[in-house]
Amino acid sequence: MSGMFRSYDARFSVAPMMDWTDRRCRAFHRILTRRARLYTEMVTADAVVFGPRERLIGFDAAEHPVALQLGGAEPGRLAEAARIGAAFGYDEINLNCGCPSDRVQSGRFGACLMREPEVVAECVAAMAAAADIPVTVKCRIGVDEQEPREALFAFADAVKAAGATALIVHARKALLDGLSPKDNRSIPPLDHALVHELKRAHAHWPIILNGGLPDLAAARPHLEDLDGIMLGRAAYQNPELLIGVDPELFGEPAPVADGFEAIEAFLPAIARGLERGERLHDYTRHLHGLFAGRPGARAFRQVLATEAGKRGAGLEVVRDAVSRVGREWRLVAAAE
Ligand SMILES: Cc1cc2nc3c(=O)[nH]c(=O)nc-3n(C[C@H](O)[C@H](O)[C@H](O)COP(=O)(O)O)c2cc1C
(Lines give C-alpha, C1' and ligand atoms only; values in the text may rest on other atoms or scores of the structure.)
Protein backbone atom coordinates (compact mmCIF):
# COMPACT_ATOMS: atom_id res chain seq x y z
CA MET A 1 0.00 0.00 0.00
CA SER A 2 2.61 2.53 1.04
CA GLY A 3 4.55 1.77 -2.11
CA MET A 4 1.98 3.75 -4.06
CA PHE A 5 3.02 6.88 -2.22
CA ARG A 6 6.80 6.59 -2.34
CA SER A 7 7.24 9.85 -4.17
CA TYR A 8 6.78 12.76 -1.82
CA ASP A 9 3.50 14.52 -2.49
CA ALA A 10 2.41 16.77 0.33
CA ARG A 11 0.04 18.95 -1.64
CA PHE A 12 -2.50 18.64 1.14
CA SER A 13 -2.11 17.42 4.68
CA VAL A 14 -3.98 17.40 7.95
CA ALA A 15 -1.79 18.77 10.75
CA PRO A 16 -0.53 16.73 13.69
CA MET A 17 -2.77 17.56 16.64
CA MET A 18 -2.27 16.20 20.10
CA ASP A 19 -5.35 14.46 21.48
CA TRP A 20 -7.13 14.98 18.16
CA THR A 21 -5.39 13.15 15.30
CA ASP A 22 -5.27 9.72 16.90
CA ARG A 23 -5.64 6.62 14.77
CA ARG A 24 -9.42 6.66 14.98
CA CYS A 25 -9.54 10.25 13.79
CA ARG A 26 -7.14 9.44 10.97
CA ALA A 27 -9.23 6.44 9.93
CA PHE A 28 -12.22 8.75 9.69
CA HIS A 29 -10.33 11.42 7.76
CA ARG A 30 -9.15 8.77 5.33
CA ILE A 31 -12.77 8.00 4.50
CA LEU A 32 -13.20 11.64 3.45
CA THR A 33 -10.07 11.86 1.30
CA ARG A 34 -7.77 9.26 -0.23
CA ARG A 35 -5.02 11.73 -1.00
CA ALA A 36 -4.49 13.92 2.06
CA ARG A 37 -1.31 13.15 3.96
CA LEU A 38 -2.21 12.45 7.58
CA TYR A 39 -0.05 13.04 10.65
CA THR A 40 -0.06 11.36 14.02
CA GLU A 41 -0.15 13.28 17.25
CA MET A 42 3.35 14.08 18.44
CA VAL A 43 4.99 11.13 20.19
CA THR A 44 8.28 11.65 21.99
CA ALA A 45 11.26 9.67 20.77
CA ASP A 46 11.68 8.28 24.29
CA ALA A 47 8.11 6.98 24.28
CA VAL A 48 8.62 5.29 20.91
CA VAL A 49 11.83 3.66 22.05
CA PHE A 50 10.83 2.67 25.59
CA GLY A 51 7.01 2.82 25.67
CA PRO A 52 4.17 0.48 24.66
CA ARG A 53 4.90 0.79 20.95
CA GLU A 54 1.87 -0.78 19.38
CA ARG A 55 -0.46 1.33 21.51
CA LEU A 56 1.48 4.54 20.88
CA ILE A 57 2.25 4.32 17.17
CA GLY A 58 0.24 1.40 15.82
CA PHE A 59 -1.90 2.34 12.84
CA ASP A 60 -4.13 0.80 10.23
CA ALA A 61 -2.92 0.12 6.69
CA ALA A 62 -5.88 2.13 5.38
CA GLU A 63 -4.34 5.31 6.81
CA HIS A 64 -1.56 5.63 4.20
CA PRO A 65 -0.05 8.03 3.40
CA VAL A 66 0.61 8.69 7.08
CA ALA A 67 3.47 10.45 8.86
CA LEU A 68 4.74 9.87 12.37
CA GLN A 69 5.56 13.07 14.21
CA LEU A 70 8.34 12.77 16.77
CA GLY A 71 9.37 15.08 19.58
CA GLY A 72 12.92 15.10 20.82
CA ALA A 73 16.32 16.77 20.54
CA GLU A 74 18.73 13.92 20.98
CA PRO A 75 20.05 12.62 17.63
CA GLY A 76 20.69 9.04 18.73
CA ARG A 77 17.30 8.63 20.37
CA LEU A 78 15.48 10.27 17.46
CA ALA A 79 17.33 8.06 14.99
CA GLU A 80 16.24 4.97 16.88
CA ALA A 81 12.63 6.21 17.02
CA ALA A 82 12.73 7.04 13.29
CA ARG A 83 14.04 3.56 12.50
CA ILE A 84 11.21 2.04 14.52
CA GLY A 85 8.65 4.29 12.81
CA ALA A 86 9.92 3.29 9.37
CA ALA A 87 9.77 -0.39 10.34
CA PHE A 88 6.15 0.13 11.41
CA GLY A 89 5.41 1.23 7.86
CA TYR A 90 5.07 4.99 8.21
CA ASP A 91 5.51 6.97 5.00
CA GLU A 92 7.34 9.88 6.63
CA ILE A 93 8.94 10.87 9.91
CA ASN A 94 8.41 14.46 10.98
CA LEU A 95 10.30 16.29 13.69
CA ASN A 96 8.32 18.74 15.82
CA CYS A 97 10.06 22.10 16.12
CA GLY A 98 6.91 24.14 16.59
CA CYS A 99 5.18 23.07 19.77
CA PRO A 100 5.48 25.66 22.56
CA SER A 101 4.08 23.87 25.61
CA ASP A 102 5.99 23.99 28.93
CA ARG A 103 6.21 20.25 29.11
CA VAL A 104 7.86 20.21 25.73
CA GLN A 105 10.23 23.09 26.54
CA SER A 106 11.49 21.43 29.69
CA GLY A 107 12.54 18.52 27.50
CA ARG A 108 14.29 21.11 25.29
CA PHE A 109 12.39 20.26 22.18
CA GLY A 110 9.53 21.65 20.16
CA ALA A 111 9.55 25.34 19.23
CA CYS A 112 12.56 26.24 21.39
CA LEU A 113 14.64 24.30 18.84
CA MET A 114 14.16 27.27 16.51
CA ARG A 115 17.08 28.71 18.50
CA GLU A 116 19.29 25.71 17.81
CA PRO A 117 19.27 24.93 14.09
CA GLU A 118 22.57 23.07 14.39
CA VAL A 119 21.05 20.67 16.93
CA VAL A 120 18.05 20.13 14.67
CA ALA A 121 20.39 19.52 11.74
CA GLU A 122 22.20 16.82 13.71
CA CYS A 123 18.88 15.23 14.60
CA VAL A 124 17.65 15.29 11.00
CA ALA A 125 20.89 13.83 9.67
CA ALA A 126 20.75 11.00 12.23
CA MET A 127 17.09 10.29 11.49
CA ALA A 128 17.60 10.35 7.73
CA ALA A 129 20.51 7.93 8.05
CA ALA A 130 18.42 5.57 10.19
CA ALA A 131 15.16 5.58 8.25
CA ASP A 132 14.71 4.89 4.55
CA ILE A 133 11.70 7.22 4.24
CA PRO A 134 11.34 11.00 4.00
CA VAL A 135 12.32 12.90 7.13
CA THR A 136 10.67 16.30 7.40
CA VAL A 137 10.56 19.13 9.94
CA LYS A 138 7.66 21.25 11.17
CA CYS A 139 8.64 24.62 12.57
CA ARG A 140 7.51 28.17 13.36
CA ILE A 141 8.87 31.35 11.81
CA GLY A 142 10.77 32.08 15.02
CA VAL A 143 10.41 32.34 18.77
CA ASP A 144 10.30 35.27 21.18
CA GLU A 145 12.59 38.10 20.12
CA GLN A 146 14.00 36.33 17.06
CA GLU A 147 13.79 38.21 13.79
CA PRO A 148 11.66 35.81 11.71
CA ARG A 149 13.38 36.31 8.39
CA GLU A 150 16.78 35.53 9.88
CA ALA A 151 15.59 32.75 12.16
CA LEU A 152 13.44 30.94 9.60
CA PHE A 153 15.91 31.24 6.73
CA ALA A 154 18.85 30.03 8.84
CA PHE A 155 16.76 27.19 10.22
CA ALA A 156 15.65 26.15 6.73
CA ASP A 157 19.23 26.20 5.40
CA ALA A 158 20.39 24.01 8.26
CA VAL A 159 17.70 21.33 8.03
CA LYS A 160 17.86 21.23 4.22
CA ALA A 161 21.64 20.73 4.31
CA ALA A 162 21.10 17.95 6.86
CA GLY A 163 18.86 16.06 4.46
CA ALA A 164 15.31 17.02 5.37
CA THR A 165 12.94 16.12 2.52
CA ALA A 166 10.61 19.06 3.22
CA LEU A 167 9.87 21.86 5.64
CA ILE A 168 6.42 22.59 7.03
CA VAL A 169 6.10 26.10 8.41
CA HIS A 170 3.41 27.16 10.88
CA ALA A 171 3.61 30.77 9.79
CA ARG A 172 3.66 32.54 13.15
CA LYS A 173 6.11 32.92 15.98
CA ALA A 174 5.82 30.96 19.19
CA LEU A 175 6.13 33.08 22.31
CA LEU A 176 7.65 30.80 24.86
CA ASP A 177 7.04 32.98 27.91
CA GLY A 178 3.56 33.71 29.03
CA LEU A 179 1.31 32.39 26.27
CA SER A 180 -0.59 29.14 26.59
CA PRO A 181 -0.19 26.64 23.73
CA LYS A 182 -3.70 27.57 22.64
CA ASP A 183 -2.95 31.32 22.57
CA ASN A 184 0.26 30.52 20.72
CA ARG A 185 -1.88 29.23 17.86
CA SER A 186 -3.84 32.46 17.49
CA ILE A 187 -2.17 35.51 19.06
CA PRO A 188 1.21 35.80 17.30
CA PRO A 189 0.34 37.23 13.88
CA LEU A 190 0.45 35.06 10.77
CA ASP A 191 3.02 35.83 8.11
CA HIS A 192 2.18 33.72 5.06
CA ALA A 193 4.17 36.07 2.84
CA LEU A 194 7.39 35.17 4.63
CA VAL A 195 6.86 31.49 3.77
CA HIS A 196 6.40 32.44 0.12
CA GLU A 197 9.63 34.40 0.35
CA LEU A 198 11.37 31.35 1.81
CA LYS A 199 10.08 29.29 -1.11
CA ARG A 200 11.61 31.71 -3.59
CA ALA A 201 14.98 30.95 -1.98
CA HIS A 202 14.43 27.16 -2.25
CA ALA A 203 12.89 26.55 -5.65
CA HIS A 204 13.57 22.79 -5.63
CA TRP A 205 12.92 21.97 -2.00
CA PRO A 206 9.35 21.27 -0.83
CA ILE A 207 7.93 23.91 1.48
CA ILE A 208 4.52 23.50 3.02
CA LEU A 209 2.43 26.27 4.52
CA ASN A 210 0.45 25.83 7.73
CA GLY A 211 -1.45 28.18 10.00
CA GLY A 212 -4.80 29.93 9.86
CA LEU A 213 -5.99 28.48 6.55
CA PRO A 214 -9.77 28.38 7.01
CA ASP A 215 -10.85 26.29 4.01
CA LEU A 216 -9.78 24.94 0.63
CA ALA A 217 -10.79 28.07 -1.26
CA ALA A 218 -8.42 30.16 0.85
CA ALA A 219 -5.67 27.55 0.91
CA ARG A 220 -5.61 26.57 -2.74
CA PRO A 221 -4.05 29.73 -4.22
CA HIS A 222 -0.94 29.12 -2.09
CA LEU A 223 -0.30 26.00 -4.17
CA GLU A 224 0.59 28.15 -7.13
CA ASP A 225 3.94 28.84 -5.45
CA LEU A 226 4.24 26.45 -2.55
CA ASP A 227 4.44 22.66 -2.57
CA GLY A 228 1.76 21.98 -0.04
CA ILE A 229 -0.81 23.28 2.39
CA MET A 230 -1.50 21.83 5.80
CA LEU A 231 -4.75 22.43 7.64
CA GLY A 232 -5.24 21.72 11.32
CA ARG A 233 -8.19 23.11 13.19
CA ALA A 234 -10.34 23.84 10.14
CA ALA A 235 -10.06 20.23 8.97
CA TYR A 236 -10.78 18.78 12.39
CA GLN A 237 -13.60 21.12 13.27
CA ASN A 238 -15.28 20.88 9.88
CA PRO A 239 -14.28 17.47 8.54
CA GLU A 240 -16.60 17.70 5.52
CA LEU A 241 -14.07 20.17 4.16
CA LEU A 242 -11.88 17.13 3.48
CA ILE A 243 -14.40 15.74 0.98
CA GLY A 244 -13.31 18.51 -1.38
CA VAL A 245 -9.61 17.63 -1.26
CA ASP A 246 -9.48 14.82 -3.84
CA PRO A 247 -11.65 16.54 -6.47
CA GLU A 248 -10.39 20.09 -5.97
CA LEU A 249 -6.67 19.49 -5.44
CA PHE A 250 -6.02 16.16 -7.13
CA GLY A 251 -8.65 16.03 -9.88
CA GLU A 252 -9.98 12.72 -8.57
CA PRO A 253 -13.48 11.74 -7.50
CA ALA A 254 -14.42 12.30 -3.87
CA PRO A 255 -14.61 9.00 -1.96
CA VAL A 256 -17.93 9.95 -0.34
CA ALA A 257 -20.64 12.45 -1.19
CA ASP A 258 -21.29 13.88 2.25
CA GLY A 259 -21.10 13.39 6.00
CA PHE A 260 -23.94 10.85 5.96
CA GLU A 261 -22.04 8.56 3.62
CA ALA A 262 -18.84 9.12 5.56
CA ILE A 263 -20.42 7.99 8.82
CA GLU A 264 -21.95 4.99 7.11
CA ALA A 265 -18.50 4.04 5.81
CA PHE A 266 -16.98 4.53 9.29
CA LEU A 267 -19.45 2.23 11.09
CA PRO A 268 -17.54 -1.03 10.42
CA ALA A 269 -14.37 0.43 11.96
CA ILE A 270 -16.36 1.61 14.97
CA ALA A 271 -17.98 -1.81 15.31
CA ARG A 272 -14.55 -3.49 15.28
CA GLY A 273 -13.33 -1.09 17.94
CA LEU A 274 -16.33 -1.79 20.15
CA GLU A 275 -15.68 -5.50 19.80
CA ARG A 276 -12.14 -4.88 21.05
CA GLY A 277 -13.62 -3.14 24.09
CA GLU A 278 -13.01 0.45 23.00
CA ARG A 279 -15.58 3.09 23.90
CA LEU A 280 -17.96 4.54 21.35
CA HIS A 281 -17.04 8.05 22.42
CA ASP A 282 -13.40 7.47 21.45
CA TYR A 283 -14.66 7.30 17.86
CA THR A 284 -17.59 9.68 17.84
CA ARG A 285 -15.72 12.58 19.46
CA HIS A 286 -14.05 13.06 16.08
CA LEU A 287 -17.43 13.41 14.38
CA HIS A 288 -18.75 16.38 16.36
CA GLY A 289 -17.80 18.87 13.66
CA LEU A 290 -19.87 17.16 10.97
CA PHE A 291 -23.00 18.71 9.48
CA ALA A 292 -22.03 22.29 10.37
CA GLY A 293 -24.80 24.59 9.21
CA ARG A 294 -27.40 21.90 8.67
CA PRO A 295 -30.60 21.81 10.69
CA GLY A 296 -30.19 19.28 13.47
CA ALA A 297 -26.38 19.57 13.66
CA ARG A 298 -26.65 20.67 17.27
CA ALA A 299 -28.92 17.78 18.22
CA PHE A 300 -26.49 15.44 16.44
CA ARG A 301 -23.64 16.69 18.61
CA GLN A 302 -25.74 16.61 21.76
CA VAL A 303 -26.79 13.01 21.28
CA LEU A 304 -23.19 11.99 20.71
CA ALA A 305 -21.89 14.06 23.62
CA THR A 306 -24.41 12.75 26.12
CA GLU A 307 -24.96 9.15 24.96
CA ALA A 308 -21.75 7.93 23.38
CA GLY A 309 -19.79 7.97 26.64
CA LYS A 310 -22.24 5.67 28.41
CA ARG A 311 -21.25 2.12 29.21
CA GLY A 312 -22.42 -0.24 26.50
CA ALA A 313 -23.23 2.54 24.02
CA GLY A 314 -23.24 1.08 20.51
CA LEU A 315 -23.88 1.95 16.89
CA GLU A 316 -27.54 2.69 17.63
CA VAL A 317 -26.39 5.93 19.29
CA VAL A 318 -24.67 6.98 16.07
CA ARG A 319 -27.76 6.14 14.03
CA ASP A 320 -29.95 8.07 16.48
CA ALA A 321 -27.63 11.09 16.28
CA VAL A 322 -27.58 11.00 12.47
CA SER A 323 -31.38 10.77 12.34
CA ARG A 324 -31.54 14.25 13.92
CA VAL A 325 -29.81 15.86 10.96
CA GLY A 326 -31.86 17.32 8.13
CA ARG A 327 -30.99 15.62 4.85
CA GLU A 328 -33.23 17.82 2.74
CA TRP A 329 -30.86 20.75 3.31
CA ARG A 330 -28.53 19.45 0.64
CA LEU A 331 -31.41 19.04 -1.82
CA VAL A 332 -32.55 22.59 -1.20
CA ALA A 333 -29.01 23.92 -1.54
CA ALA A 334 -28.48 21.91 -4.71
CA ALA A 335 -31.70 23.20 -6.24
CA GLU A 336 -30.82 26.82 -5.66
C1 LIG B 1 -5.44 20.52 19.69
C2 LIG B 1 -4.16 20.82 18.96
C3 LIG B 1 -3.05 20.01 19.16
C4 LIG B 1 -1.87 20.24 18.47
N5 LIG B 1 -0.84 19.36 18.62
C6 LIG B 1 0.27 19.49 17.82
C7 LIG B 1 1.30 18.50 17.81
O8 LIG B 1 1.23 17.47 18.49
N9 LIG B 1 2.37 18.71 16.99
C10 LIG B 1 2.48 19.82 16.20
O11 LIG B 1 3.47 19.97 15.47
N12 LIG B 1 1.53 20.76 16.19
C13 LIG B 1 0.42 20.60 16.97
N14 LIG B 1 -0.59 21.52 16.88
C15 LIG B 1 -0.44 22.66 15.93
C16 LIG B 1 -1.04 22.29 14.57
O17 LIG B 1 -0.33 21.22 13.97
C18 LIG B 1 -0.99 23.49 13.61
O19 LIG B 1 0.36 23.85 13.42
C20 LIG B 1 -1.72 24.71 14.17
O21 LIG B 1 -2.99 24.34 14.70
C22 LIG B 1 -1.91 25.78 13.09
O23 LIG B 1 -2.65 25.28 12.00
P24 LIG B 1 -4.24 25.60 11.83
O25 LIG B 1 -4.38 27.08 11.96
O26 LIG B 1 -4.58 25.08 10.47
O27 LIG B 1 -4.94 24.90 12.95
C28 LIG B 1 -1.77 21.32 17.58
C29 LIG B 1 -2.90 22.14 17.38
C30 LIG B 1 -4.09 21.89 18.03
C31 LIG B 1 -5.28 22.78 17.77
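The values are calculated or read from the model by the stated rules, or taken from the named source; none is laboratory data. All values reported here derive from a predicted model rather than from experimental measurement. Neighbour counts run over all protein chains shown; Cβ positions are idealised from the backbone, glycine included. SASA here: full protein model, heavy atoms, side chains in, ligands and nucleic acids out. Shrake-Rupley method; radii C 1.70, N 1.55, O 1.52, S 1.80 Å.
Quick notes
- Tail beyond 24 Å, pair distance distribution of segment 180-293 (Cα, percent): 43 percent
- Residue-count net charge about residue 280 - beta-carbon cut-off 13 Å; Lys, Arg +1, Asp, Glu -1: +2
- Förster-model FRET efficiency, 45 Å R0, residue 278 and residue 217, C-beta, rounded to 0.05: 0.80
- Rg over Rh, two decimals, segment 240-283 (C-alpha only, Kirkwood Rh): 1.13
- Accessible surface of segment 1-143 [probe 1.4 Å, protein heavy atoms]: carbon and sulfur percent: 51 percent
- The accessible surface of segment 188-244, taken with every protein chain in place and a 1.4 Å probe, is 52 percent carbon and sulfur.
- Across all directions, the average projected area of the convex hull around the alpha carbons of segment 39-158 is 7.0 nm².
- Lysine pair count for the chain [Cα-Cα under 27 Å; pairs on different chains or 8 or more apart]: 8
- Here the label points at residue 204 and residue 260, each 7 Å from Cα along the C-beta direction, are separated by 5.2 nm in the simple model.
- Residue 258 accessible area, 1.4 Å probe, all protein chains in place, Å² to nearest 10: 10 Å²
- Whole-angstrom gap from segment 167-187 to segment 227-254, using each part's C-alpha centre: 23 Å
- Among 155, 50, 291, residue whose mean-square fluctuation peaks in a GNM of the chain (springs only between Cα atoms under 10 Å): 50
- Spacing of the two label points (7 Å from each Cα toward its C-beta) at residue 305 and residue 108, in nm: 4.3 nm
- Positive minus negative residues near residue 319 (Lys, Arg vs Asp, Glu; Cβ under 12 Å): -3
- Net charge contributed by nearby residues that have their C-beta within less than 12 Å of residue 154 (K/R +1, D/E -1): -2
- Probing with 1.4 Å while keeping every protein chain in the model, the per residue accessible area of segment 218-325 equals 45 Å².
- Principal axis extents of the Cα atoms in segment 169-237, from largest to smallest and rounded to whole angstrom, are 37, 27, 15.
- Of all accessible heavy-atom area on segment 247-325, the percent that carbon and sulfur account for (1.4 Å): 49 percent
- Placing one equal scatterer on every Cα of the chain and applying the Debye formula, the log10 ratio I(q)/I(0) at q = 0.07, 0.08, 0.10, 0.13 Å⁻¹ is -0.29, -0.38, -0.59, -0.98.
- The residues of segment 89-205 have, on average, 40 Å² of accessible surface per residue, using a 1.4 Å probe with all protein chains present.
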